[in-house]
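Contents: one structure, followed by commentary.
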Amino acid sequence: MPSAGVSTPPAGDWLRRFVSLVVATAFSVAVFFGAGIFSTTQPEWWYAAVFILLVVVATGSSVKIRIRSNMWILQWAEAAILVGIALLPPVWVVLCTILGTGAVYALKRVQPIKLAFNTAKATIAVAAAIPVANLTGFGWTTNQHGELFSAGDVYGLILVAAVLFAVGETLTTVVLALATRTRIQELLTANQEVRAAALLSNTAVGGATLALLTVNRLLLVAVPPLVLCLHLFNSGRLRAQSERETWQRLAEATDRFNDVDVNAVLHAAVTTSAELFSADQTEVEVKLPDQEPRLVRGDAAHIVWDGPLDEAPETGSDSINVPLSSHDGGIELGHLRLRFHGKVKLSERERYALRTFAASLCTALRNAQTHAQTRRMAQRYAHAARHDALTGLPNRRRLLELGEHKVSTRPIRGIHALLLIDLDHFKEINDTLGHGIGDGVLRLVGQRLAAAAGADDVVARLGGDEFAILFVGLPAPALASHRARKVLAALDPPLEVDGIRLQVEASGGVATAPADGGMTELLRRADVAMYQAKRAGHTVAVYSQSRDTADLGQLSLTGDLRKALDERQFALGFQPIVDLASGEVVAAEALARWRHPRRGDLGPPRFLEAIVRSGLLTPFTEIVLDGALSASQVWHEIGHRIPVMVNVSARSLLDSRFPELVERQLGLHDVPPDHVVLELTETLTLSRLDVVEDVLGALREVGVQLALDDFGTGYGSLSTLAEVPIQQLKIDRKFIHAMENSNEAAAVVRSTIELGRSLGLAVIAVGVESERQRQTLFELGCPAGQGHLFSRPMTAERLTGVLRRGGDLAPPLSAEADVIRMPANRIRRRGIR
């Protein structure tokens, strides 16, 4: 019968009382049956002796099976008692059972209370089974004059065996429940398969023995050694089968480690090890690289804890610990622990299996960790392939992927639009302040754009200083430009990088998603619109199909620029600047033209932005300065020492090498520095960077003069005059054209002339096209002007001819005009000669 080894019970009142009750009951049973020993038919004495020996052998020959922390003992006692009930009178069965069971536990030298309980339990079980045997016709009373065992006795055999087993298990379970403070129901329902196997095996052995004795009762002498041999055979077979099953289960358990997920491996390790080693609980403590120590705890059914090691709840159960290391004792990743509610000692086979299991778990964890690292690396590579390393924003590839998906799956409501953004003058920031500052600017710009965009919008950096924002689900196309201006307004506040405050300006082009062509066409249209914004000087331009062809032509010019510079396809025209009073040429402005072999002559508005964007501004500026100073040198040689005025891009003032370029050209042509006037566009804020002051200071040292072009059209006119050391002001042509019909324009012209007079600056009116305009300007005190009234731009050779003939392009004004004249020497001192 299966029996749990009962150690000395705790000093509990209920346990002591129950054990005492069982012993007292067994004593009463012994007395009851013993009283009739002399009135009962006496069996053959050797039957009793052999039965006692059979009980000793069957009870002493046990197979131990550990289930969790409980040790279950499979005995053959029920089989021996079944044989005794069939051979002996009930009185002798009870007394022989007491003698045999007591002898076994006495020989094992168990504690007295354990000896008393187990003997009493066997006695009570026999006493309960005898009435069932009499009722079913199985036993000595029925078979003493007939056949010992027949087919009709099988039913009785089974019932008697069931009673023997049930009584013994019930008494054992109650003692275990009281000793371990466990519910009786839990113990009764646990391990039913073990109990069923014990019942079937004892019933089968008892029935087979009785069938053998039916042939010849003298074979009873051979039953004890036969049972012993059967026990040894079964023990060996069970051990071999157990080992095969253990290794098979170990292989199946380690097969569950064929997972590349660390969590799955840890959870499988806990549940499978708890089942494999019959542990009450299992826990895995693991420390993987780049991770905090972790503990996973659970049983064969579920995980009860998975989290940080230092936060795991304490458990007071006994544990068997094995390190998680490879077979060769290499890297140790942690520990595997088997926890039991009581003291458990593993067999040598179990310890070896546990070490093998731990080594397999270590290998699985290392494989899972390697796979996780590989997967993270692949994810990083995939992220890096689709995101900009500097700003962390999606790159062009990712924008196209997301955009294609969104554009192809049009929203139920609304439309998509793309804003393409290009930072103005960013190259100069890199060239003058260094790429570190430039990278900082790009990062801050990316952050501001991402913060200003909508939650569903896609913000990307396309490369260099280009960004893009895909607006998703706009209610109407007209909102695209509104959203674009709102986003670009986020760049208005100055940026601060490494203590340097920078003002960043940007131009943007907006296009709505086309009916076909996908994201590529949308990006092209936004690019066209962005170039339109730059040429028009606007912050945002919306794509217009009517202007697309021109824009595409503008984009194609970039590919022709380098060849044009190498072949000197750029030519200069010179527009004279005349004294309004005398009509005499006092200066000339150099204007570049591109003599394109296929498109004809192109003015600066058509190609200048392309030059700036392509990075070819420096060689272009060098060509213009070379041509202008060559003409000025010729004029000096013929006795007309008039200055030449050259338009300079504001980006040139961000190039610290620009003053060296000017000085080098002056030396090559032997032209005095004060005969060169560099015209700066007033619509740009020139003093936003500290480097501009350095460049302007270097130009002052060279000796050239500065003129402020388009004065009055920008937002910082007066602040520019205060910060930039200029010598001349040029009034924008739109004020000259409008002053006859607009009091506001006339006021601007008048105030500009007065401002120049008060600051000692020479003032030049641009766009003079009529004598009336000339007369009005002269009366207001403007000393000089240029425009179609005097001459359109002409070649250097033609202007040289004009100078040879005296240099007069208009008749002098009447001396009767009521004006305050500026002396000619004052004009000369201010740079117009």
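The values are calculated or read from the model by the stated rules, or taken from the named source; none is laboratory data. Since this is a predicted model, take the numbers as computed values, not measurements. No Cβ is skipped: glycine too gets one built from the backbone with ideal geometry, and neighbour counts run over all protein chains shown. The protein model used for the area step is the full one, side chains on, heavy atoms only, and it has no ligands, DNA or RNA in it. Shrake-Rupley method; radii C 1.70, N 1.55, O 1.52, S 1.80 Å.
Details
- Failed criterion for residue 305 (all others in (1) open to solvent by 40 Å² or more (accessible area, probe 1.4 Å); (2) free of Cβ contacts under 8 Å to residues at least 40 places away in the same chain; (3) over 32 Å from the mean Cα position of the chain (by Cα) hold): (3)
For every residue, the table says whether it meets (1) open to solvent by less than 50 Å² (accessible area, probe 1.4 Å); (2) within 17 Å of residue 695 (Cα to Cα).
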| residue | (1), (2) |
| --- | --- |
| 621 | yes, yes |
| 641 | no, no |
| 653 | yes, yes |
| 675 | yes, no |
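- Only listed residue being out of contact with any Leu (no Cβ under 9 Å at 6 or more places or on another chain) and either open to solvent by less than 10 Å² (accessible area, probe 1.4 Å) or without any contact (Cβ under 8 Å) to a residue 60 or more places away in the chain (or both), chosen from 626, 601: 601
- For segment 447-466, a residue qualifies if it is more than 19 Å from residue 401 (Cβ to Cβ), part of a helix (DSSP H, G or I) and among the small types (Gly, Ala, Ser), and the qualifying residues are 451, 452.
- Only a single criterion out of (1) aliphatic (A, V, I, L, M); (2) modelled with pLDDT of 70 or more; (3) surrounded by 16 or more Cβ atoms within 10 Å (Cβ to Cβ); (4) farther than 30 Å from residue 339 by Cα is not satisfied by residue 135, namely (3).
- Among the residues making up segment 290-299, a single one is within 24 Å of the chain's Cα centre (by Cα) and in a strand (DSSP E or B): 294.
- If you filter segment 334-354 down to residues that are under 11 Å from residue 320 (Cβ atoms) and among the charged types (D, E, K, R), you find that the one that is surrounded by the most Cβ atoms within 10 Å (Cβ to Cβ) is 339.
- The one condition in (1) touching a residue at least 60 places away in the same chain (Cβ under 8 Å); (2) of a type outside the set (Gly, Ala, Ser); (3) not in a strand (DSSP E or B) that residue 482 fails to fulfil: (1)
- Unique match (being out of contact with any strand residue (DSSP E or B) (no Cβ under 6 Å at 6 or more places or on another chain), at pLDDT 80 or above and more than 16 Å from residue 276 (Cβ to Cβ)) among 400, 393: 400
- Condition check for residue 317: in contact with a helix residue (DSSP H, G or I) (Cβ under 7 Å, 6 or more places away or on another chain), modelled with pLDDT under 80 and either of a type outside the set (A, V, I, L, M, F, W, C) or open to solvent by 60 Å² or more (accessible area, probe 1.4 Å) (or both): no
- Applying the set (1) without any contact (Cβ under 8 Å) to a residue 24 or more places away in the chain; (2) not in a loop (DSSP other than H, G, I, E, B) to residue 639 leaves exactly one unmet item: (2).
- Apart from one condition, residue 266 fits all of (1) touching a residue at least 60 places away in the same chain (Cβ under 8 Å); (2) farther than 19 Å from residue 369 by Cβ; the exception is (2).
- Among the residues of segment 769-805, those identified as free of Cβ contacts under 8 Å to residues at least 24 places away in the same chain and either under 19 Å from residue 640 (Cα atoms) or not charged (D, E, K, R) (or both) are 770, 788, 789, 797, 798, 801, 805.
- Options 478, 513: the member that is surrounded by 14 or more Cβ atoms within 10 Å (Cβ to Cβ) and at pLDDT below 90: 513
- Selected residue (criterion: farthest from residue 317 (Cα to Cα)) from residues of segment 279-289 that are open to solvent by less than 40 Å² (accessible area, probe 1.4 Å) and assigned to a loop (DSSP other than H, G, I, E, B): 288
- If the condition is being loosely packed, with under 12 Cβ neighbours inside 10 Å and at pLDDT 80 or above, then segment 290-301 contributes only 292.
- Qualifying residue in segment 543-558 (condition: modelled with pLDDT of 80 or more, in contact with a Gly (Cβ under 6 Å, 6 or more places away or on another chain) and over 17 Å from residue 610 (Cβ atoms)): no
- Residues located in segment 485-505, provided they are assigned to a helix (DSSP H, G or I) and in contact with a strand residue (DSSP E or B) (Cβ under 9 Å, 6 or more places away or on another chain): 485, 487, 488, 491
- In the set 154, 167, 126, only one residue is surrounded by 20 or more Cβ atoms within 10 Å (Cβ to Cβ) and modelled with pLDDT of 70 or more; that residue is 126.
- Residue count for segment 485-505, restricted to those that are without any contact (Cβ under 8 Å) to a residue 60 or more places away in the chain and open to solvent by 70 Å² or more (accessible area, probe 1.4 Å): 5
- Any hit, segment 343-350, residues being farther than 14 Å from residue 273 by Cβ, out of contact with any Ser or Thr (no Cβ under 9 Å at 6 or more places or on another chain), assigned to a loop (DSSP other than H, G, I, E, B) and at pLDDT 80 or above: no
- In segment 412-442, residue most open to solvent (accessible area, probe 1.4 Å) [restricted to those that are part of a helix (DSSP H, G or I) and among the hydrophobic types (A, V, I, L, M, F, W, C)]: 433
- Selection of segment 516-536 for residues being surrounded by fewer than 21 Cβ atoms within 10 Å (Cβ to Cβ) and of a type in the set (Ser, Thr, Tyr) yields only 520.
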